[in-house]
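The values are calculated or read from the model by the stated rules, or taken from the named source; none is laboratory data. The model shown is predicted, which means the values in this text are computed figures rather than measured ones. Note: ideal-geometry Cβ built from the backbone for every residue, glycine included; neighbour counts use all protein chains shown. In case anyone asks, the SASA skips ligands and DNA or RNA and just uses the protein heavy atoms, side chains included. Shrake-Rupley method; radii C 1.70, N 1.55, O 1.52, S 1.80 Å.
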Amino acid sequence: MRYLSTRNKITLKTLSEAIQLGLASDGGLFVPESLHKITPQYFPADLSYVEFSEKLLRNFFSGDILETKLGALCKEAFNFPVPLRQLNPNTFMLELFHGPTSSFKDFGARFLAGCLTELSKKQKTTIIVATSGDTGSAVASAFYKKNNINVVILYPDKLITERQEHQITCWDTNVLALAVKGTFDDCQKLVKTAFHHYSTANSINIGRLLPQIIYYAYSSIQFFHRHKVAPGFIVPTGNLGNATAGYYAKAMGFPIREIVLSTNINRSIQDYINLGEFHPRPSLSTLANAMDVGNPSNFERLTHLFNTHADFKKNVIAISATDADIKKTIKDMYEKYKVIVCPHTATACFAREELSDKPWIVVATADPSKFDAVIEPILNIKIPTAPALQELLNKSSHIMEVDNNPVMIQKIIDKYLE
């Protein structure tokens, strides 16, 4: 399997090369040369998540130097549960927040860390990542004290929750976190342009995206075996990485009826669907802060998959939730089901109410206790803290604020990371 840029079909790279580069030299994102087709019968219902992962990813790793390590990479990365919870006869919730930093980002970050650790045995690698909340902590946790790897995390100063910031800034040795005076889009622009000589652990890295295909594929197969029908998925999205992984799983032939994207008031995707033109916007701050993205990077991958506006519009449905919608949905979910959902998951639950009575799987992206400051005033209760989160909150943290200036940031990186 080879990988090409979304902007150039001529220059092909191996998977290892694509992972190490992060971005293609022309600024495009790496995508598989093809998406192999599967049949559900190829994946028996009794496969464990790790066994399923290795079986699914085998073709993506075909011919690569990491191919022989694939089983070990899956076993090390995916060592936490992926429960599918039923809320009512036609609504289910896929809980992706049982990893070490209580977010779905743990799947991609841990797998990418394993890959890059293997690839960095003979040379030092520096990774830079922009985060609007949960990516940073997942990457820091996954790469902490990995040999020959340094990690730089850029996050928008004062635009994430206190608990998210603590999770990002409680590390030392090979992890440097910087609070950039700007938005997530500013941080992302720095990663894409100013520091292109580094690799990246954002979802623009194909090594983050591939493992995210697995939980859509696995849960759809499990659901299909159990209920004899293909479910639809509702995916909260900001930078479109998680959404793209779902569409890849569907394109490969896994039993997925349709996919609906839920967003906050950052409506770049809805505008493209409606107008046929993509206009990046400055990001707007919302309660679902990890989705506050005005210029989603993975839009390139999605338009590479659906390469005409008509095809895109046929396949991509997006529903937007306001902060008022998010608050009401958090309250409704607790009153109806005694389920506490994070603000991002709430956008998907809000979208669920707008949709048909066919079976839907709501993708739950983060443990609600990461957003206690948002949720507790709405529900007027104290939320229990997830044990994994409490472990990180018990660590001391250090906040370093920096201007949105690549030259100054580079000097800080050089000073703190040798």
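Pairs needed: first member in the range 163-177, under 21 Å from residue 383 (Cα atoms) and open to solvent by 40 Å² or more (accessible area, probe 1.4 Å); second member anywhere, aromatic (Phe, Trp, Tyr) and assigned to a helix (DSSP H, G or I); C-beta distance under 9 Å; at least 6 residues apart or different chains.
Hits for this filter: 163/371.
For the range 314-359, which positions are open to solvent by 40 Å² or more (accessible area, probe 1.4 Å), touching a strand residue (DSSP E or B) at 6+ places or on another chain (Cβ under 9 Å) and among the charged types (D, E, K, R)?
Once the filter is applied, which keeps residues that are open to solvent by 40 Å² or more (accessible area, probe 1.4 Å), touching a strand residue (DSSP E or B) at 6+ places or on another chain (Cβ under 9 Å) and among the charged types (D, E, K, R), the range 314-359 yields 336, 354, 358.
Counting only residues that are more than 26 Å from residue 136 (Cβ to Cβ) and open to solvent by 10 Å² or more (accessible area, probe 1.4 Å), how many does the range 219-254 have?
Of the residues in that region, 11 qualify.
Determine which single condition residue 100 fails, assuming it passes every other condition in (1) touching a residue at least 60 places away in the same chain (Cβ under 8 Å); (2) outside any loop (DSSP other than H, G, I, E, B); (3) open to solvent by 10 Å² or more (accessible area, probe 1.4 Å); (4) not aromatic (Phe, Trp, Tyr).
Looking at each condition in turn, residue 100 falls short on (2).
Pairs only if they're at least six apart or on different chains, beta carbon under 6 angstrom, first in the range 18-43 and free of Cβ contacts under 8 Å to residues at least 24 places away in the same chain, second open to solvent by 10 Å² or more (accessible area, probe 1.4 Å); list them, first residue then second.
Partner pairs satisfying both residue conditions: 26/7; 26/8.
Is the range 40-62 home to any residue that is at pLDDT below 95, assigned to a helix (DSSP H, G or I), under 21 Å from the mean Cα position of the chain (by Cα) and of a type outside the set (Gly, Ala, Ser)? Even if it seems obvious, please write down each step before you answer.
So the first thing to find is which residues in the range 40-62 are at pLDDT below 95, and the list is 40-46.
Then keep just the ones that are assigned to a helix (DSSP H, G or I); that gives 40-42.
Filter once more, so that each one left must be under 21 Å from the mean Cα position of the chain (by Cα): none.
No, the conditions are met nowhere in the range 40-62.
Hey, residue 370 hits all of (1) among the charged types (D, E, K, R); (2) over 20 Å from the mean Cα position of the chain (by Cα); (3) under 20 Å from residue 285 (Cα atoms) but one; which does it fall short on?
Every condition holds for residue 370 apart from (2).
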